[in-house]
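So the structure is just underneath, and the comments pick up after that.
The values are calculated or read from the model by the stated rules, or taken from the named source; none is laboratory data. Keep in mind that this is a model prediction, so the values were computed, not measured. Cβ: placed from backbone, ideal geometry, glycine included. Neighbour counts: every protein chain shown.
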Amino acid sequence: MSEKAVQPKRVLVTGSSGAIGTPVAQHLLARGHYVRGFALDPSPGLEDFIVGNLGDRDTVRRAVDGMEVVIHLGAYPDDADFLTVLHAPNVLGLYHVCDAAREFKVQRLALASTMQTISGHGFPPRTVRIEEGPAPVNYYALTKVWAEDLGAMQARVHGISVVNVRIGWLTRNAGEADRLKATTIGPDCFLSHADAQRFFERVVESENPAAGQAVTVFATSKAAKIERMDSEPARRILGYEAQDVWQNGLNYDYNV
């Protein structure tokens, strides 16, 4: 049976010059979607991109206008001082993106969360499920819990289809890969660049979740030993099947 034809969507990827945004935007473009980028720097491989700051409401609105799907990856990516570093991109910027999605009647909104939202559970040697709830231990993770709640409100109040994505450990370079390898849980929490592409392909192309529904799912590759984060919701709802296991699917050379 041949693969179902892709129905092209107009997709905005924020953070489109970043470690996840760049390969995801390029992959969606290759799938036949119209992709617009938004980032602090020019977006590699995209003809349509806006260089701007998430704190600039008018620039964010210009980026969202005309889009059917918004994949919001732009953020400060780790823990830092809340007032001077995290608040502007991760709180105010998130609000601007979500409010523009409401204003311009975006069909689907994908909000990047993080595996750090559950780090307070301690990553036991078993599968942590979505139903166990968040357990942040730093302000970065707390901004992502708020993102999940704001996404749920966008679905509930404004009828948008929302996917909150708790992203696994995606390494940007060999130094980060060394740090992942040195931990006990890292290879079980890994997300490859190739699987990130596959995941957000499903976010754009899946019929689920329906308008007015919000779901929270984990996005990881296959666990090396123990599945620490439940892969079933992403498989059931979006049809996402991870293909890589640590250290496959990286977009840079890395030798063990």
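Worth pointing out:
- Restricting region 204-245 to residues that are part of a helix (DSSP H, G or I) and of a type in the set (A, V, I, L, M), the residue that is nearest to P134 (Cα to Cα) is A234.
- Qualifying positions in region 35-72 - charged (D, E, K, R) and more than 17 Å from the chain's Cα centre (by Cα): D41, E47, D48, D56, R57, D58, R61, R62, D65
- Region 162-186, subset in contact with a Leu (Cβ under 7 Å, 6 or more places away or on another chain) and of a type outside the set (A, V, I, L, M), residue nearest to Y252 (Cα to Cα): T171
- G168 crowded, with 21+ Cβ neighbours inside 10 Å, in contact with a helix residue (DSSP H, G or I) (Cβ under 7 Å, 6 or more places away or on another chain) and modelled with pLDDT of 95 or more: yes
- Of all residues in region 1-21, those being touching a strand residue (DSSP E or B) at 6+ places or on another chain (Cβ under 9 Å) and either under 13 Å from A63 (Cα atoms) or assigned to a loop (DSSP other than H, G, I, E, B) (or both) number 12.
- Filter pass, V106 being out of contact with any strand residue (DSSP E or B) (no Cβ under 7 Å at 6 or more places or on another chain), at pLDDT 95 or above, under 20 Å from A75 (Cβ atoms) and of a type in the set (V, I, T): no
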